[in-house]
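The values are calculated or read from the model by the stated rules, or taken from the named source; none is laboratory data. All figures in this text were calculated on a predicted structure; none of them were measured in a lab. Because the Cβ atoms are built from the backbone with ideal geometry, glycine has one as well, and the counts that use them run over all protein chains shown. Heads up: the accessible areas ignore ligands, DNA and RNA and are worked out on the full protein's heavy atoms, side chains in. Shrake-Rupley method; radii C 1.70, N 1.55, O 1.52, S 1.80 Å.
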Amino acid sequence: MRAYVVNKWVHPSELKLVDNAPEPKAAGDEIIVDVYSSALNFFDILQAQGKYQVKPPFPFTLGAEFAGKVAEDSPIPKGCPYKPGDRVFGQAQGCFADKVAVKWQAANRLPDNMTYDQGAGLFITWPTSYEALVGRAELKPGESILVHAAAGGVGIVAVQLAKALGATVIAAAGSQSKLDICKTYGGADYTVNYTEKDWQKEVLRITGGKGVDVVYDPVGRIAESLKCIAFKGRALVVGFAAGQIEKLPLNMVLLKNISVMGIFWGLYTSKEPSRIPIVWEELLGLFASGRIKPIIYDKVFSLDEVTVGLDALERRQTWGKVIVRVKDEEQRIVAKL
């Protein structure tokens with residue numbers, strides 16, 4: 001089997017695709033999935049180096065998101081709603097490979113109007129952004145939101161969802177080309193380049209001096225954003241893609257009556273599992289309605305190009321969700337989204 005096997009902590013640029021990896025074995029409540037497409041995530045870069053909170057024992061296969069088919073020879077655990085041949089998407093360790101063992105609870109049925117490429121990037125970014133906006137910040141129609149790294153994987157999702165929820169969206173990114181992506185693909189109302197001096201003044205101008213009601217930040221720019229957040233604003237800590245964990249001036253939190261809240265979707269499996277099917281039901285309903293759709297980077301990488309894709313992701317050259325096509329089978333579905 002082809003796979004990217006990690007035997008020691010290394011930068012992903014040092015990894016090689018092997019063609020003799022052992023096929024995964026299903027245990028307990030697991031099924032075996034033939035991977036057709038997989039998604040790249042920034043944390044893959046960290047995990048290969050031992051810098052991510054999830055550290056599997058060596059050897060392990062890199063990659064965390066997939067879309068594919070339940071394998072013909074897969075065992076079907078008691079209670080599992082899937083059968084061999086079913087199209088599914090989900091999350092599991094080891095997706096940069098031909099096959100992966102998946103807990104069936106961590107898989108969803110792939111909608112008929114989605115390709116494997118579209119489905120591969122759904123499982124992490126979409127519920128993260130949905131729960132951040134709806135479950136945590138309680139974003140309301142008519143409110144304003146500032147989305148940082150708005151052309152990235154979770155950012156472009158947050159832009160789309162905020163628009164679907166009736167908010168005014170200000171997309172922030174570091175180049176004009178990415179700001180154009182935010183408008184063209186995400187539907188952002190306004191854009192701001194956060195590499196420019198005093199960019200916060202532009203946010204204040206757009207909001208008539210009030211500031212934004214919600215800040216969505218997967219990068220590490222909450223502290224900067226406190227200059228343009230509204231009274232009683234809510235700041236969402238989604239991640240630290242810039243590489244530094246922020247230290248906030250709590251006097252600003254006090255003086256503006258701000259709420260700072262985190263969102264770590266991975267904890268819901270153990271802390272609030274009842275919320276998971278609710279979020280997916282609402283998301284899949286939005287997909288079916290056509291109000292939201294997966295946004296995929298215009299270069300789809302092959303399995304032997306995983307390290308090239310991760311390098312582009314690390315260099316901030318990509319936008320949307322970056323996809324690896326493992327098998328070229330039925331990208332035959334014409335998406336209706």
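Of note:
- Listed cross-link partners LYS25/LYS78; LYS69/LYS293; LYS51/LYS256; LYS140/LYS227; LYS8/LYS83; LYS247/LYS271 are compared with a 24 Å cut-off, the Cα-Cα value being larger for LYS51/LYS256; LYS8/LYS83; LYS247/LYS271.
- Average projection area in nm² (convex hull over Cα atoms of region 91-190, one quarter of hull surface): 7.8
- Close amide H pairs (under 5 Å, H built 1.01 Å from N) link VAL326 with SER37, SER38, residues at least 5 positions away or on another chain.
- The residue among VAL260, PRO77, LEU303 whose Cα reaches farthest toward the positive pole of the charge dipole of the chain, with charges on the beta-carbon of Lys, Arg, Asp and Glu, is VAL260.
- Rounded to the nearest 500, the 222 nm mean residue ellipticity of the chain from helices alone is -6500 deg cm²/dmol, with -39,500 (n - 2.57) taken per DSSP H run of at least 4 residues.
- Remark: region 20-121 carries a charge dipole of roughly 300 debye about the Cα centre, counting +1 on each Lys and Arg Cβ and -1 on each Asp and Glu Cβ.
- Taking the Cα atoms of the chain, the ratio Rg/Rh between the radius of gyration and the Kirkwood radius comes to 0.97.
- Other residues within the sphere of radius under 12 Å centred on the Cβ of TYR268, judged by their own Cβ, net out at +1 (K and R +1, D and E -1).
- Shape analysis of region 11-95 based on the Cα gyration tensor places the equivalent ellipsoid semi-axes at 25, 13, 13 Å, largest first.
- Short to long, the 10 Å bins of the Cα pair-distance histogram for region 162-205 hold 30, 52, 18, 0 percent of all pairs.
- Top of LEU165, LEU250, LEU283 by mean-square fluctuation, Gaussian network on the chain, Cα under 10 Å: LEU250
- Vicinal HN-Hα couplings computed from phi for region 163-168 (Karplus, 6.51 cos²θ - 1.76 cosθ + 1.60; Hz; Gly/Pro x): 5, 5, 7, x, 8, 8
- Cα-derived Rg to Rh of region 232-298, Kirkwood definition: 1.08
- For the chain, the solvent-accessible area of protein heavy atoms averages 45 Å² per residue (probe radius 1.4 Å; ligands and nucleic acids excluded).
- Mean separation of Cα contacts under 8 Å (6+ apart) over length of region 157-287, as relative contact order %: 15
- On region 1-147, 52 percent of the accessible area sits on carbon and sulfur atoms, based on a 1.4 Å probe.
- Two-decimal Rg/Rh across region 138-215, once Rg and the Kirkwood Rh are taken from alpha-carbon atoms: 0.93
- Cβ-defined net charge surrounding GLY209, 15 Å radius [Lys, Arg +1; Asp, Glu -1]: +2
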